[in-house]
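The values are calculated or read from the model by the stated rules, or taken from the named source; none is laboratory data. Predicted model only: the values in this text are computed from it and were never measured. Please note: Cβ atoms are built from the backbone with ideal geometry, for glycine as well, and neighbour counts cover all protein chains shown. To get the accessible areas, we keep the full protein, side chains included, count just its heavy atoms, and leave off ligands, DNA and RNA. Shrake-Rupley method; radii C 1.70, N 1.55, O 1.52, S 1.80 Å.
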Amino acid sequence: MPSRAMLAALMLPIAAEAQEPPRPRARDLGIEVGVFAPGAYNAITDVAGVLVGHTTVISGEDIRTGVTAIRPHGGNLYRDRVPAAIHVGNGFGKLLGVTQVRELGELETPILLTCTLCVWKAADAMVEWALGMEGMEGVRSINPVVGETNDGGLNDIRSRPITEAQVRAALDGAAEGPVEEGAVGAGTGTAAFGWKGGIGTSSRVLPESLGGYAVGVLVQSNFGGILQIAGAPVGRELGRYSFRNQVGAGREAREPGREVPGLDAMQPEERAGESQGSIMIVVATDAPLSERNLERVGRRAIMGLSRTGSFASNGSGDYVITFSTAQGVRRRPGDDVRSLEDLSNDRMSAIFQATLEATEEAVYNSMFKAVTVSSRWGTREALPIEATVEVLRRHGVIR
């Protein structure tokens, strides 16, 4: 399996905007979401066995896209399946594989995230990759799961630039440990709340008294709304939010004469209040959950998303894919009768809360870590750290 350094060598050159010093995560700034503690990496990979890989694709002045792969474990997922569920918050999207996951309640391939018009190319490449694994010689049907958001504001999406080699690099390079965030992989060309969005992740580990289970979330953020961070009205006070042009608000929340970074750099659809886009949310847990309770977990991820200020606009495809890695719930083809573990409904509440918290923080991380990215199609500015911190201090979020 390629190392992270080897995977980086497979990537195309990174744009100059991405050479800035590392930006902070939410917790680096003192933003603590919720009551449960994060795992060691504060990432989806805190769920043991989960692997994440990115291929970032930047070329010339018009390609800003990529692929992100989430593997529930490092083995052959077709032969060692995990229970899974899909919850649709708003169905304006091209999520591939949804009907079979809903029907059978399991994943038989990794999850890929990419750009909207690259879904089918990514799926085709993953099918080739999966069929080439040992023990797959007689397989005649497979259900690739590929999610997307539309990065056409920065990317020449009509050229459908994703290649088989790039998909394979993300799958083969998927690893445990820290996860790159921001303008990487499938988040390279995305935007959120009018600023640069991208890949974000977070996790929670429950106390032993509540089972000690881990919940990890990864998001591909590319949507609009009225940004709030831990309840603070950041979008309003920085003067960038949906419907600003129509309601004429925002100015009253700003101190006279205080400069608002990037206020005039809004894209046309943002000035019009449309804020089209989407978000993919992937939730992993090591709790032994059935697909029924995994779907319930997905609903709570949407609640976490709403806390950030999303209202799921008409053009926003808001999807949650949830899965459990617990050994006691695995499904193996050929088993006629299975005896599976199943966490009781009465033990679900803490997992719901952990999911909500991790989703909210993952969205913040996707924005805090994202750098400004430009192409011939436009510019998506990074969320201004200093101005945001000022708002958060004023509202008592950080001290």
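A few points about this structure:
- In the range 55-81, the residues that are open to solvent by 30 Å² or more (accessible area, probe 1.4 Å) reach residues that are assigned to a strand (DSSP E or B) with C-beta atoms within less than 6 angstrom, at least six apart or across chains, in these pairs: Glu61/Ser375; Asp62/Ser375; Gly74/Leu51.
- Which listed residue, of Gly75, Gly66, is more than 19 Å from Gly185 (Cβ to Cβ) and at pLDDT 95 or above: Gly75
- Single residue of the range 306-353 satisfying the filter (part of a loop (DSSP other than H, G, I, E, B) and of a type in the set (D, E, K, R)) that is surrounded by the most Cβ atoms within 10 Å (Cβ to Cβ): Arg330
- Test: residue in the range 3-24 that is at pLDDT 50 or above, assigned to a loop (DSSP other than H, G, I, E, B), open to solvent by less than 60 Å² (accessible area, probe 1.4 Å) and not acidic (Asp, Glu): yes
- For the range 305-346, taking the residues that are aromatic (Phe, Trp, Tyr) and modelled with pLDDT of 95 or more, the one that is nearest to Glu360 (Cα to Cα) is identified as Tyr319.
- Hey, Leu356 more than 25 Å from Asp80 (Cα to Cα), at pLDDT 95 or above and open to solvent by less than 10 Å² (accessible area, probe 1.4 Å) or not: no
- Residues that are on the phi > 0 side of the Ramachandran plot and either open to solvent by 10 Å² or more (accessible area, probe 1.4 Å) or not aromatic (Phe, Trp, Tyr) (or both) were ranked within the range 166-201; the one that is nearest to the chain's Cα centre (by Cα) is Gly198.
- Filter pass, Arg204 being surrounded by fewer than 24 Cβ atoms within 10 Å (Cβ to Cβ) and of a type in the set (Lys, Arg): no
- The range 35-54 - residue that is part of a loop (DSSP other than H, G, I, E, B) and of a type in the set (Gly, Ala, Ser) and, of those, least open to solvent (accessible area, probe 1.4 Å): Ala43
- Any hit, the range 110-125, residues being within 19 Å of Pro161 (Cβ to Cβ), over 20 Å from the mean Cα position of the chain (by Cα) and either open to solvent by less than 10 Å² (accessible area, probe 1.4 Å) or at pLDDT below 95 (or both): yes
- Residue among Val389, Val371 that is surrounded by fewer than 24 Cβ atoms within 10 Å (Cβ to Cβ) and farther than 30 Å from Arg158 by Cα: Val389
- The one condition from (1) under 27 Å from Val297 (Cα atoms); (2) of a type outside the set (Ser, Thr, Tyr); (3) in contact (Cβ under 8 Å) with a residue 60 or more places away in the chain; (4) touching a Leu at 6+ places or on another chain (Cβ under 7 Å) that Ile321 does not meet is (4).
- Within the option set Glu270, Glu252, Glu259, Glu274, being modelled with pLDDT under 95, buried (at least 18 other Cβ atoms within 10 Å of the Cβ) and within 22 Å of Trp195 (Cα to Cα) holds for one residue only, Glu270.
- Test: residue in the range 354-371 that is within 21 Å of Glu180 (Cβ to Cβ), in a strand (DSSP E or B) and not polar (S, T, N, Q): no
- All positions within the range 91-105 that are part of a helix (DSSP H, G or I) and farther than 13 Å from Ala123 by Cβ: Thr99, Val101, Arg102, Glu103, Leu104
- Check on Leu171, among the aliphatic types (A, V, I, L, M) and closer than 25 Å to Val47 by Cα: yes
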